[in-house]
Amino acid sequence: MQPQILIIYTGGTIGMITDPETGSLKPFDFNHISEEVPDLKKIPYQLDTLFFKNPIDSSNITPEAWIKVAKLIEDNYTKYDGFVILHGSDTMSYSASALSFMLRNLAKPVVFTGSQLPIGVIRTDGKENLVTAIEIAGAQANGRPIVPEVAVYFEYKLYRGNRTTKLNAEHFEAFASFDYPILANAGINIDYNYSKILPLSEKQLEVHKQFNTNVAILTLFPGISQEYIHHFFEIPNLQGVVLHTFGSGNALSEQWFIDELNQAIQKGITLLNVTQCKMGEVIQGRYETSKGLEKIGVISGRDITLEAAITKMMLVLSEFSTVESIKKELTKSYCGELK
Ligand code: ASP
């Protein structure tokens, strides 16, 4: 039987065409997707499409939109062999991370893709991205899906979704996965990196649909003032902060800084240390400048990306409330976001 794939269009450039009257970009009717991409008819898969009634630029994506996508996958999970999520590239890494944490025990491919140029433009990258993402979502070996995880496909490469970062606002190769190898490379053949793909879960899919958005990111910079830090931690209802640090998780070692952070922790705010470096990991205690953080109970985010850190924190804080349980969850790898 042909693999059955559900395409969910949330918005973004890929689904746009130029309005001949106004010259501006507008979402096209996804019911007619095969008119825009006739090659879809040649794929030996059964394709169905669903779309957001009001497609969004991904800069407007919200946890509510993630829940909507997760519900569509959950409601159609048994009917389809794989899912392709069309999404703007700007926040695709956040959405792919969030979905990877929401879809527990996932045993089917969920492939995010989009494009830098609209699908109706002659030089579009959208057609290749779409066609190959569909092929990957339906790819099977011995009757089992080859990529049973949340992935991002862009410009001939397949990445683990929660390891990606949008890196380039202009080039077709818009994404990178700095601390984890690619899952596949699409050339003449699609070469899968089998040993790097998550194993198939034998358990029942469970969909987590809650987020705690009382979180924030504190990016450090030389010259950061005590007032800034102090007021930051006075954000009402703040419960979790990703501390975006230097190098291998280092921060200023001045006493006022450590005291401000310590007071935040005493108030019950979770602090997760994530490096501003694109590659490498946080090792608290390696330098004097991170020893203080370790001592007061800042949690090491190791090699997690910023996008995965903030989305995972929103999920974990919606589910767990004790210091020990939050730390346990944030330091354990849910689906390959941490080594
Ligand atoms: N601004 C667009 C979006 O993220 C860009 C894109 O589609 O890649 O929705």
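The values are calculated or read from the model by the stated rules, or taken from the named source; none is laboratory data. These numbers were taken from a predicted model, which means no experiment stands behind them. A quick note on method: Cβ atoms are made from the backbone with ideal geometry, for glycine too, and the neighbour counts reach across all protein chains shown. SASA here: full protein model, heavy atoms, side chains in, ligands and nucleic acids out. Shrake-Rupley method; radii C 1.70, N 1.55, O 1.52, S 1.80 Å.
Applying 1/(1 + (r/R0)^6) with R0 = 51 Å to the Cβ-Cβ distance of M1 and Y287 gives a FRET efficiency near 0.35.
For the chain, the share of accessible area belonging to carbon and sulfur comes to 50 percent (1.4 Å probe, ligands and nucleic acids excluded). Among the protein heavy atoms, those of R144 account for about 110 Å² of accessible surface (1.4 Å probe, every chain in place).
So what's region 255-339 giving for Cα Rg divided by 2.2 N^0.38 Å, two decimals?
Working: Rg = 12.7 Å, N = 85, 2.2 N^0.38 = 11.9 Å.
After normalising by residue count via 2.2 N^0.38 Å, the value is 1.07.
Here the simple spin-label model places points 7 Å from the Cα toward Cβ, and for E227 and W256 these points are separated by 1.1 nm.
Here's how it looks for K157: its modeled amide H is under 5 Å from those of A186, which are all 5 or more places away or on a different chain.
Close amide H contacts of F233 (hydrogens built in the peptide plane, cut-off under 5 Å, sequence separation of 5 or more or a different chain): none are found.
The alpha-carbon positions of region 43-95 define a convex hull whose volume is 100 Å³ per residue. The alpha carbons of the chain occupy a box of 65, 50, 34 Å along the principal axes, longest dimension given first. Couplings 3J(HN,Hα) of region 129-145, computed from phi: 4, 5, 4, 6, 4, 5, 4, 5, 4, x, 5, 10, 10, 6, x, 10, x Hz, in residue order, whole Hz [Karplus 6.51 cos²θ - 1.76 cosθ + 1.60, θ = phi - 60°; x for Gly and Pro]. For region 147-162, the residues whose amide N sits under 14 Å from a probe point set 7 Å from the Cα of L205 along the beta carbon direction are 148-151. The string of couplings for region 268-280 from the Karplus curve (6.51, -1.76, 1.60, θ = phi - 60°) is x, 7, 7, 10, 10, 8, 10, 7, 6, 5, 7, 10, x Hz, one whole number per residue in order, with x for Gly and Pro. Placing a label point 7 Å from the Cα of E319 along the Cα-to-Cβ direction, the residues of region 78-115 whose backbone N falls under 16 Å from that point are 97-107. Scanning residues 5 or more positions from I7 or on other chains, those with amide H under 5 Å from its amide H are D48, T49, L50, V84, with H placed 1.01 Å from N in the peptide plane. Over the C-alpha trace of region 258-298, radius of gyration and Dmax come out as 10.9, 32 angstrom. Using the alpha carbons alone, the radius of gyration of region 124-279 stands to its Kirkwood radius in an Rg to Rh ratio of 1.09. Among T22, T113, T78, the largest mean-square fluctuation in a Gaussian network model of the chain (Cα springs under 10 Å) belongs to T22.
With no solvent and one point on each alpha carbon, what is the Debye value of log10 I(q)/I(0) for region 140-218 at q = 0.18, 0.24, 0.26 Å⁻¹? Log10 of I(q)/I(0), two decimals: -0.90, -1.17, -1.25.
Highest mobility in the GNM of the chain, judged by mean-square fluctuation with C-alpha springs under 10 Å and restricted to Q263, Q255, Q116, is found for Q255.
When nucleic acids and ligands are ignored and a 1.4 Å probe is applied, T62 ends up with an accessible area of around 50 Å². For the residue pairs K71/K108; K196/K339; K127/K157; K203/K328, the C-alpha atoms sit more than 18 angstrom apart in K203/K328.
Rounded to the nearest angstrom and ordered from largest down, what semi-axes does the equivalent ellipsoid of region 211-276 get from its C-alpha gyration tensor (root of 5λ)?
18, 14, 10
Among D90, D125, the order of accessible area from largest down is D90, D125, computed with a 1.4 Å probe on protein heavy atoms. Remark: region 195-200, residue by residue, has Karplus-estimated 3J(HN,Hα) of 6, 9, 8, 4, x, 5 Hz, where x stands for each Gly or Pro and the curve is 6.51 cos²θ - 1.76 cosθ + 1.60 at θ = phi - 60°.
Considering only N189, T213, L167, and ranking their Cα positions along the charge dipole of region 161-227 that arises from unit charges at the beta-carbon of Lys, Arg, Asp and Glu, the one farthest toward the positive end is T213.
Strictly greater than 18 Å: what percent of every Cα pair in region 1-155 meets that?
Numbers: 6387 of 11935 pairs.
The share of Cα pairs beyond 18 Å in region 1-155 comes to 54 percent.
Expressed as a whole number of Å, what is the distance separating the alpha-carbon centroids of region 226-266 and region 48-85? Using only Cα atoms to place each centre, the spacing works out to 36 Å.
Distance from the C-alpha centroid of region 137-205 to that of region 312-339: 23 Å, rounded to the whole angstrom. In the context of the full set of protein chains, residues of the chain present 46 Å² of accessible surface per residue (probe radius 1.4 Å, heavy atoms only). Extent of region 92-184 along its three principal axes (Cα atoms, max minus min coordinate, largest first): 37, 26, 21 Å.
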